[in-house]
Amino acid sequence: MFERGARPPGVARRLRVSRKSAYAWHAAWREGGSAALASKGPGDFSCRLGDARAERLQAGLEAGRRCTAGRRIGAGPWRGSRS
C-alpha cells in the first residue's frame with residue numbers, strides 16, 4: 001500500500017488499526033522496505049503457571065470439570081449480561 005502512495009491515516013482506516021500502528025509501519029517500510037513489514041512469527045508467551053497449578057488445570061480439563069479464573073459467585077451458570 002505504501003509503495004502505491006497510500007498515507008498512514010488511509011492505511012489505518014482501511015485495515016482498521018490505530019494511526020499510531022500505521023505510522024510505525026510506514027516508518028519501518030521507509031527504513032527497510034517491504035521486508036521490514038514481514039511477519040516475524042508468533043510472540044513468545046510462555047506459560048506463567050507453576051508446575052503444580054498446570055497439572056491441576058490439566059487434570060480438571062481431562063475430567064471435564066469447569067475451571068474458572070476466579071471464585072464462583074452465583075449458583076447457576078454464567079449467562080452473560082442482560083441489559
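Bear in mind these aren't lab numbers, they're just calculated from the coordinates by the rules spelled out. Keep in mind that this is a model prediction, so the values were computed, not measured. Quick reminder, even Gly has a Cβ in these numbers, built from the backbone with ideal geometry, and neighbours come from all protein chains shown.
Figures for the structure shown
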item	result
Length added when fully stretched, Ala63-Asp51, from 0.36 nm per residue minus Cα-Cα	2.5 nm
Inverse mean reciprocal Cα-Cα distance (Kirkwood Rh) of segment 1-53, Å	13.1 Å
Formal net charge of residues neighbouring Tyr23 (Cβ-Cβ distance under 14 Å; K, R +1; D, E -1)	+4
